[in-house]
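Data first, discussion second: the structure below is written as structure tokens.
None of the figures in this text is laboratory data; all of them are computed from the coordinates on show. Just so we're clear, the structure is a prediction, and the values are computed from it rather than from any experiment. Cβ coordinates were reconstructed from backbone atoms using ideal geometry, including for glycine residues, and neighbour counts include every protein chain displayed.
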Amino acid sequence: MSRRHVVATVDEVKPGTSKLVSAGGRSIALFNVGGSFYALADKCPHESGSLCSGRIVGLAQADEPGRYRLERRGEFVKCPWHGWEFDIRTGQSYCDPSKTRVRAYKAEVESGDELVKGPYVAETFPVTVERNYVVVEI
Amino acid sequence: MSTTVLERAPAAQRGTPTPVKLSVIDCDIHPQVKSPAELMPFLPKQWQDYARMFGGLYRQVFSDTLSHPRIAPDVARADAWPPDGSPPGSDVPFMRMQHLDANNVEYGMLMPLNRGPGNQRNLDYGAALASAVNDWQIEKYVKAEPRLRASIVIAHDDPPAAIAEIRKRAGNRNFTQIMMPPKSIEPLGRRRYWPIFEEAVAQNLPIALHVGGVNGFPPTGGGWPSYYIEEQHTNVQGMQGLLTSLVIEGVFERFPDLKVVLVEGGIAWLPALKWRLDKHWKRLKAEAPHLRLAPSEYIRRNIWLTTQPLDEPDRDSDLAETFELVGFDRIMFSTDYPHWDFDEPRFLLGKLKIGKENIEKIFSGNAKALYGLA
């Protein structure tokens, strides 16, 4: 059975930034890409670098030597260690797409008045009806 | 049905590594100054004034930096900046938390690259700087963190000064080895450097050759590379050239007890170099009759290598086979902390199916034997 974890308020993670959160005992890197929230396991599959401290980047592409373009700005996270790039929306690796993927979790925004209706297990994160929250499903 | 759980976020915006169980000896850790002023108190007044008025001078247009831009500022892991924003590697408590404790480091060998004393054009300034870097390693790092060991930095283009510096430190067990930049004015096998090798043998200290240095020459035989990817790979070409020079010039014939550690130059190229040098030697030994052994025999006897950056073939079994060809007793674990191409001990463990005994040798046994650590 999946559980839904309230991990942050919406205004804690500004667009273009990330935040390390914890849900169900797991470290999760939470990203805000243009107002949408995405959650990845905070562990690079290569050598376990912490993705929440990686730079958020675009994809540098080239059709031929000397012709470059930057695509999909802000949609990739680059591991802080060896620079492996992952699609924040899916966890798919850009360096090794066929074999490597970071676990991605469903992240949604819900209003406080919806959340307080339950059912939920109240731990330590205070929820008020006036605010919006990011909920990660594990 | 799903249940919603409310969670509190951890305080720090940084993943905390899970401690690894196996203890390791890390043969490549980079210390760093918080600012250039940090080295000043270790320099005599004359050289403090010199550093302020003139500064360092390498054989390149830039005085205190590298020839190529790297992937990241300070060549560092993006998560290696201490909370106060000071440079990666410059804060001992942070290094202890992020690396020494987290990765269960039993001993760590410091590899200071700071200000490149060995490549300074002003040899007297280079010698003063080398001595300052040596005192600084002890005062700042080894005294605060007894797991760390210093390397004797020398200005190798002034062998008498280099020998004086080695003698000043020899006998102090906080120094485990002599460190020279492999990029020197002439290939390191040339006789101008032999007095240093002689002193290393006399003091029973290994010589560590950590990739890098600034000697004004392009790092490839074909000229300057355009990309960092190319420049990264010149570490391998450079190590091959360096090792070929040491072997063919007869360094290991003259100094059979010399121990040389090649740091951060890779490993997988070594078997191919041995095969090729042996082949050439068999046909051409009339040119170098001083070589009584095959090149591969000197390499097997006198050379140690460190693991990082680990070669990553598609099949892990290829790596295990390569390690066997190099010699399980000649490979020592290293991370390169806090640099961006850091290798995690758990990562290496997962790759190598070579038996518990060989794993233990690579992670600590070989370094203990080489450096005489308990």
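Using the alpha carbons alone, the radius of gyration of segment B:244-374 stands to its Kirkwood radius in an Rg to Rh ratio of 1.00. Calculated mean residue ellipticity, 222 nm, chain A: -500 deg cm²/dmol, from DSSP H runs (n ≥ 4) at -39500 (n - 2.57) each, averaged per residue and rounded to 500.
Which one, B:S364, B:S317, B:S296, has the greatest fluctuation when you compute a Gaussian network model over chain B with C-alpha springs under 10 angstrom? Highest fluctuation among the options: B:S317.
Report summary: the helix-based calculation at 222 nm, which adds -39500 (n - 2.57) for every DSSP H run with n ≥ 4 and divides by the residues of chain B, gives -9500 deg cm²/dmol. Once you divide the Cα radius of gyration of segment B:260-299 by 2.2 N^0.38 Å, the number left is 1.29. Here, segment A:7-92 is characterised by an Rg to Rh ratio of 1.02, where Rg is the alpha-carbon radius of gyration and Rh the Kirkwood radius. Taking every residue in A:48-56 and counting other chain Cβ atoms within 10 Å of its Cβ, the average works out to 5. Restricted to Cα atoms, segment B:233-283 shows a radius of gyration and a Dmax of 11.4, 32 angstrom.
Charge dipole of the protein assembly as shown (Cα centre as origin; +1 on each Lys and Arg Cβ, -1 on each Asp and Glu Cβ, all else neutral): 820 debye, rounded to the nearest 20. Taking θ as phi - 60° and the Karplus parameters 6.51, -1.76 and 1.60, the scalar couplings of segment B:218-226 work out to x, x, 10, x, x, x, 6, x, 9 Hz in sequence order, x denoting glycine and proline. Sequence-distant contacts, meaning Cα pairs under 8 Å at least 6 residues apart, place the relative contact order of chain B at 19 percent.
Which value results when the Cα radius of gyration for segment A:67-111 is divided by 2.2 N^0.38 Å?
Its radius of gyration relative to the 2.2 N^0.38 Å reference: 1.35.
The residues packed around B:I166, meaning those with a beta-carbon under 11 Å from its beta-carbon, carry a net charge of 0 if Lys and Arg are +1 and Asp and Glu are -1. The mean number of partner chain beta-carbon atoms within 10 angstrom of a residue's beta-carbon across peptide B:275-286 is 0.
Dipole magnitude for segment B:170-300: about 400 debye, using +1 per Lys or Arg Cβ and -1 per Asp or Glu Cβ, origin at the Cα centre. Each part gets one Cα centre, and for segment B:272-351 versus segment A:56-90 those centres are 34 Å apart. A simple packing score, the average count of other Cβ atoms within 10 Å per residue, orders the peptides B:123-133, B:232-242, B:30-40, A:64-74 as B:123-133, B:232-242, B:30-40, A:64-74, with the highest score first.
At q = 0.06 Å⁻¹ the log10 of I(q)/I(0) for the protein assembly as shown amounts to -0.33, computed by Debye summation with a single uniform scatterer per C-alpha, solvent ignored. Counting only DSSP beta bridges whose two residues both lie in the protein assembly as shown, roughly 60 percent are antiparallel. Working note: Cα atoms of chain B, range along each principal axis, descending, whole Å: 82, 56, 45.
Divide the volume of the convex hull around the Cα atoms of segment B:41-126 by the residue count and you get 140 Å³ per residue.
Rounded to the nearest whole Hz, the Karplus-based 3J(HN,Hα) values (6.51 cos²θ - 1.76 cosθ + 1.60, θ = phi - 60°) of segment B:99-114 follow the sequence 10, 4, 6, 4, 9, 6, 7, 7, 9, x, 8, 6, 10, x, 9, 4, with x at glycine and proline. Of the residues A:D11, B:D278, B:D91, the one with the fewest other Cβ atoms within 10 Å heads the list, and the complete ranking is A:D11, B:D278, B:D91. In a simple Cβ point-charge model (Lys, Arg +1; Asp, Glu -1; nothing else charged), segment B:74-180 has a dipole of about 320 debye relative to its Cα centre. Its Kirkwood hydrodynamic radius, worked out from the mean inverse distance over all distinct Cα pairs, puts segment B:182-242 at 12.9 Å.
Ordering A:K99, B:K143 from the fewest to the most neighbouring beta carbons within 10 Å gives A:K99, B:K143. The ranking of A:H82, B:H290 from fewest to most other beta carbons within 10 Å of each one's beta carbon is B:H290, A:H82.
Working value for segment B:196-285: equivalent-ellipsoid semi-axes of 24, 19, 12 Å, each the square root of 5 times a Cα gyration tensor eigenvalue, largest first.
Here is the list for segment B:282-374: GluC sites (Glu not before Pro) lying in DSSP coil, each with at most 13 other C-beta atoms within 10 angstrom of its C-beta, are B:E287. For B:I207, the residues 5 or more places off, or on other chains, whose built amide H falls under 5 Å of its own are B:I178, B:K259, B:V260, B:V261.
Beta bridges from DSSP with both residues in chain B: antiparallel share about 10 percent, rounded to the nearest 5.
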